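Student: This is the structure I want to talk about, given as structure tokens.
The values are calculated or read from the model by the stated rules, or taken from the named source; none is laboratory data. Because the structure is a prediction, the values reported are computed rather than measured. Every residue, glycine as well, gets a Cβ built from its backbone with ideal geometry; the counts of neighbours run over all protein chains shown.
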Ligand code: PRT
Ligand code: ZN
């Protein structure tokens, strides 16, 4: 295998994942200079370069060793893995981190008026999809024989065109399904953007560069979930408020000048805090609740 002293990452050129992927790399402290043709980004402060491509090309680029890593949807990665397994009996692609953006579901949708109860109802029907491998795996797992119609785009209009009866496509808000008089019947894959690489270690400088990138990435991902919770309460209500704190909180208590009966509480919470949790703390006696994002942490 050819040795290299720079790491090359494939990133979507333009689409839903491009901006969040590049933001994540910027948060890892990486900066780039873009080539004139906007296809290549040279790493200015670390030996890490980007290749800007169509998301569908990323699995192949990693597999062929053109790129070492890629940011892509789990849906695209899993479809490519299944394709490789079918063709060669093995796949060298591996998901190494889930990145927390680009969330969606690959789902089978049926006409709104259909009473859907289980997968047996799919038998004998034609399902249009851009994900034939994932769909075939789901169908065979349920022991259902159905027709798989592979389309590269505009899957949601296939039932109206008569090229298929049902569809299997990505859903996020569900608005596209509603607009096409369809409803979600089966979720076959929960997806989000992931970092993928080839399973083998590089055996050259890239191993150290990758280790550095993963340390930073893990730091960024951890902080992204972390929140700082601040509130006030009376000393007598504190035991009840403490019980209502989100699981895993690490509270610090402070006295308040001139208000001996009250305390201020500050807690690091390992994940976002929702309205129901704030409402529960408020019912327990907390006041002046505030949830803040954390920008950087160093233990
Ligand atoms: O040009 P290139 O091939 O790179 O881009 P692309 O058009 O193939 O990809 P893009 O940018 O649309 O999506 C990239 C990745 O984003 C996907 O592979 C998913 O992992 C992720 N993602 C997240 C989505 C969606 N949400 C999504 N809603 N990808 C597509 N959609 C489409 C879906 O296909 C359907 O047409 O949006 C429509 C449904 O959205 P709702 O909100 O109406 O349900
Ligand atoms: Zn694509």
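Student: So which of 23, 75 ends up being within 30 Å of residue 184 (Cβ to Cβ) and within 16 Å of ligand 2 (Cβ to nearest atom)? Full working, then the answer.
Tutor: Details: 23 fails: within 16 Å of ligand 2 (Cβ to nearest atom).
So the residue among 23, 75 that is within 30 Å of residue 184 (Cβ to Cβ) and within 16 Å of ligand 2 (Cβ to nearest atom) is 75.
Student: A follow-up question, please. Looking at 94, 79, which one is crowded, with 22+ Cβ neighbours inside 10 Å, closer than 29 Å to residue 136 by Cα and at pLDDT 95 or above?
Tutor: On the way: 94 fails: crowded, with 22+ Cβ neighbours inside 10 Å.
Answer to the check: 79.
Student: Do you know which residues across region 175-190 are closer than 18 Å to residue 158 by Cβ and in contact with a strand residue (DSSP E or B) (Cβ under 9 Å, 6 or more places away or on another chain)?
Tutor: If the condition is that a residue be closer than 18 Å to residue 158 by Cβ and in contact with a strand residue (DSSP E or B) (Cβ under 9 Å, 6 or more places away or on another chain), then 176, 177, 180, 181, 182, 183, 184, 185, 186, 188 are the ones that fit.
Student: Then there's this: Among the candidates 27, 22, 12, single out the residue that is modelled with pLDDT under 95 and buried (at least 17 other Cβ atoms within 10 Å of the Cβ).
Tutor: Working: 22 fails: modelled with pLDDT under 95; 12 fails: modelled with pLDDT under 95.
None of the others qualify; the one that does is 27.
Student: Looking only at region 40-71, count how many residues are farther than 17 Å from residue 5 by Cα and within 16 Å of ligand 2 (Cβ to nearest atom).
Tutor: Total meeting the criteria: 12.
Student: Can you confirm whether residue 106 is more than 16 Å from ligand 2 (Cβ to nearest atom), touching a helix residue (DSSP H, G or I) at 6+ places or on another chain (Cβ under 7 Å) and at pLDDT 95 or above?
Tutor: Values: more than 16 Å from ligand 2 (Cβ to nearest atom): no; touching a helix residue (DSSP H, G or I) at 6+ places or on another chain (Cβ under 7 Å): yes; at pLDDT 95 or above: yes.
Answer is no for this residue.
Student: Continuing with this model, one more query. Can residue 119 be described as more than 16 Å from ligand 2 (Cβ to nearest atom) and farther than 30 Å from residue 3 by Cα? Before the answer, list the steps.
Tutor: Values: more than 16 Å from ligand 2 (Cβ to nearest atom): yes; farther than 30 Å from residue 3 by Cα: yes.
Taking the combined requirement at face value, the residue satisfies it.
Student: Take region 87-103 and flag every residue that is in a loop (DSSP other than H, G, I, E, B) and in contact with a helix residue (DSSP H, G or I) (Cβ under 8 Å, 6 or more places away or on another chain).
Tutor: 90, 91, 92, 99, 100, 101, 102
Student: A further question follows. Tell me the residue from 272, 246 that is within 27 Å of the chain's Cα centre (by Cα), modelled with pLDDT under 95 and crowded, with 16+ Cβ neighbours inside 10 Å, please.
Tutor: Numbers: 272 fails: crowded, with 16+ Cβ neighbours inside 10 Å.
None of the other options fit; the residue is 246.
Student: Determine, yes or no, whether residue 100 is at pLDDT 95 or above and within 17 Å of the chain's Cα centre (by Cα).
Tutor: On the way: at pLDDT 95 or above: no; within 17 Å of the chain's Cα centre (by Cα): yes.
In short, no.
Student: Here's a follow-up. Need at least 3 residues that are crowded, with 19+ Cβ neighbours inside 10 Å per element, so show me which strands (runs of 3 or more DSSP E) inside region 138-225 make the cut, counting only ones lying wholly within it.
Tutor: Values: elements: 147-150, 166-171, 182-191, 193-198.
By residue number, 166-171, 182-191, 193-198.
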